[in-house]
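Below is one structure, written out as structure tokens; the observations come after it.
The values are calculated or read from the model by the stated rules, or taken from the named source; none is laboratory data. Please read these numbers as outputs of a predicted model, since none were measured by experiment. Methodologically, a virtual Cβ is constructed for each residue, glycine included, from the backbone with ideal geometry; neighbour enumeration extends over all protein chains shown.
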Amino acid sequence: MIGTNLLALGAVIYAEPGWAQTLERYTRAAAMLEPVLLASLVVLYVASPWLAPMPYWRGCGIVLLVEIVLAALAHVLYAKGGSALVSGGLPRAVALAALATAVLLGYFRLMVRAYSPALAEARLQALQARIRPHFLFNSLNAVLSLVRRDPQRAERTLEDLADLFRELMADGRRFVRLADEIALLERYAAIEQLRLGERLRISWELDGAPSDALLPPMVLQPLLENAVYHGVEPATEVSEITVRIERRGDRVLARIENPYHKLEPAHRGNRMALENIRERLRLFFDAEATLVSKIEAGRYRVEIEIPYKSGGVHAA
Amino acid sequence: MSELKVFIADDEEPARQRLKELLADFAGELPTRIVGEARNGIEVIENLPASGARVLLLDIEMPGMGGLEAARHLARLPGAPAVVFVTAHDEHAVEAFELNALDYLLKPVRAARLAAALRKASAAGPPAAERLERASGAREYFSVTERTRIVLVPVKEVVYLKAELKYVTLRTRTGEHLIEEPLVALEREFADRFVRIHRNCLVARAAIRRFDRTGGSDEEPHWNVILEGVAGGLPVSRRQWPVVKELVAERHE
């Protein structure tokens, strides 16, 4: 409707030289157009259950037909009342209606293409978090070193790895509970602890974390992985990472901090991971989620804020 | 058969442990003795020369100084060890290796592959310095070989490099060192950090404080560069002056 009104406005502006007359004529035109548009709305709404399952082009044809019939009907009715919807008789009214409908259908098709759920899904899958191969192979190597010395710890580590990879390969298009995501963080941390030993210290500040909050899967793990990769691995000394998750009113905040080292060429790729998470948050929460990162007093900090939602785990 | 002296360098304790286990596994066919361990490149430089190691098992990704750079410094040592590089999966490293035909093992390492690499490396001797150079990019340290010891000088502490006959003098805020590398190669390697001001001199861009004009007012102007932490100026050649001036202008923008 808005679209047709705009078209009408455009048409009138085009037809009239003066602004004052433009407004007046637009009001008059709108008064005549509105009944037709409202009728279209009702007809199309009622017809939508039949239209929806139809092949796209046949649906378009029928919508076009409906609009032409309505426009013709209106034209005939108005003509009886002594005024004209458009000057130039029935064929012109029909042609204009058809044109307006076609333009709008084209526009909708474009919008649907840009925002289709299928496309969003494809993007989500492509964006699904990826663990660095570096981590996988170093972890397997660490497990191998445990097999003889401490078989039980080797078993636990393999179980942790399995959980991590199960999540990584799972469907990324659903919500998970924060408690589960935290458990995953702890599994990941246990593996890194085995590899890095004393060098890695993580301080967990999770008292305020709402365990029932929902979030996209594998959003926090890549941030912790980044913190280890950029904050701990390049350092010879003991490095501390802080993980803080809390609820503030209707928001959930997660903050991960690590010592900052200037990026060496071999250690780049942080931007990609952050952009990936940012995009996924956007697909899940639109503008309601934020991700910011900054360097402060020699520490790198990344903070995520999402709306607090709780409830069953379901598809996004 | 005499024992092969092996030095292990990896920042992860489990990784070193794993290599030791594998060495023990094939000790029957290939007897080895571990003569030292290190957690990063700097520890390798400090401890390897006195260890008498013939082969170095060297991880690439280590904090402080990685394996590639460590190998470059060692290559100048008399009696440098053969090197077997070990890497998890670093695409860049692997690519660099393949381009330069350096031998490497992928983690997790298999016993049979390790034994074969040890045999091959100990027969081949230390890797060629120029292959390492091409594979490793700019170093973080210069190394000065003093008989059986290697002294590391952080590149970022060097204020200028000056070629004199066979040697290049490294000038830091606190002292001087001599290295035996061509200035042209150093200029290429550290193009981001140093700028040539004269046929025989590179200065650290970050250390440049100002330029002083010398010579009488009627002569063509000559310029001296004044560097932080160094008394007196260094002459900028007429040929290099436009380049240097450009660079300083860029910095002040």
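A few notes on this one:
- Where A:LEU164 falls short, out of the listed (1) surrounded by fewer than 17 Cβ atoms within 10 Å (Cβ to Cβ); (2) within 37 Å of the chain's Cα centre (by Cα); (3) not aromatic (Phe, Trp, Tyr): (1)
- Residue within the stretch A:197-207 that is away from chain B (no Cβ under 14 Å), in contact (Cβ under 8 Å) with a residue 60 or more places away in the chain and either under 30 Å from B:GLY64 (Cα atoms) or surrounded by fewer than 16 Cβ atoms within 10 Å (Cβ to Cβ) (or both) present: no
- The criterion of at least 1 residues that are within 30 Å of B:SER136 (Cα to Cα) is met, among strands (runs of 3 or more DSSP E) falling completely within the stretch B:152-253, by B:158-164, B:167-172, B:176-179, B:194-198, B:201-204, B:208-214, B:222-227.
- Meets criteria (within 12 Å of another protein chain (Cβ to nearest Cβ), at pLDDT 90 or above and farther than 22 Å from B:ALA116 by Cβ) for B:GLU21: no
- In the set (1) within 13 Å of another protein chain (Cβ to nearest Cβ); (2) of a type in the set (S, T, N, Q); (3) closer than 21 Å to B:SER143 by Cβ, B:ASN47 fails one condition alone, (1).
- Residues that are in a loop (DSSP other than H, G, I, E, B) and modelled with pLDDT under 95 occur in the stretch A:268-284; there is at least one.
- B:VAL225 vs. criteria β-branched (Val, Ile, Thr), within 15 Å of B:ALA163 (Cα to Cα) and touching a residue at least 12 places away in the same chain (Cβ under 8 Å): no
- A:GLU192 vs. criteria within 14 Å of another protein chain (Cβ to nearest Cβ), over 25 Å from the mean Cα position of the chain (by Cα), crowded, with 16+ Cβ neighbours inside 10 Å and over 17 Å from A:THR290 (Cα atoms): yes
- Those helices (runs of 4 or more DSSP H) of the stretch B:1-104 in which at least 2 residues are under 24 Å from B:ARG134 (Cα atoms), considering only elements entirely within it, cover B:41-51, B:67-74, B:91-100.
- Some residue of the stretch B:2-12 being without any contact (Cβ under 8 Å) to a residue 40 or more places away in the chain, among the aromatic types (Phe, Trp, Tyr) and away from chain A (no Cβ under 13 Å): no
- Top-ranked residue in the stretch B:116-148 [being out of contact with any Asp or Glu (no Cβ under 9 Å at 6 or more places or on another chain) and of a type in the set (D, E, K, R); ranked as surrounded by the most Cβ atoms within 10 Å (Cβ to Cβ)]: B:ARG131
- Filter pass, B:THR169 being modelled with pLDDT of 90 or more, over 11 Å from the mean Cα position of the chain (by Cα) and among the hydroxyl-bearing types (Ser, Thr, Tyr): yes
- Members of the stretch A:42-65 found to be over 14 Å from A:PHE108 (Cβ atoms) and in contact (Cβ under 8 Å) with a residue 12 or more places away in the chain, listed by number: A:VAL43, A:ALA47, A:ILE62
- Residue check for A:SER139: assigned to a loop (DSSP other than H, G, I, E, B) and either more than 14 Å from every other protein chain (Cβ to nearest Cβ) or closer than 30 Å to B:GLU21 by Cα (or both): no
- Condition check for A:THR242: under 29 Å from B:ASP59 (Cβ atoms) and within 14 Å of chain B (Cβ to nearest Cβ): no
- Residue among B:ALA123, B:ALA138 that is away from chain A (no Cβ under 14 Å) and either outside any strand (DSSP E or B) or not hydrophobic (A, V, I, L, M, F, W, C) (or both): B:ALA123
- Any hit, the stretch A:111-119, residues being at pLDDT below 80, within 14 Å of chain B (Cβ to nearest Cβ) and surrounded by fewer than 18 Cβ atoms within 10 Å (Cβ to Cβ): no
- In the stretch A:56-94, residue surrounded by the fewest Cβ atoms within 10 Å (Cβ to Cβ) [restricted to those that are at pLDDT below 75 and over 20 Å from A:LEU41 (Cα atoms)]: A:GLY82
- Residue match in the stretch A:34-49 (condition: part of a helix (DSSP H, G or I), in contact with a Ser or Thr (Cβ under 7 Å, 6 or more places away or on another chain) and at pLDDT 70 or above): yes
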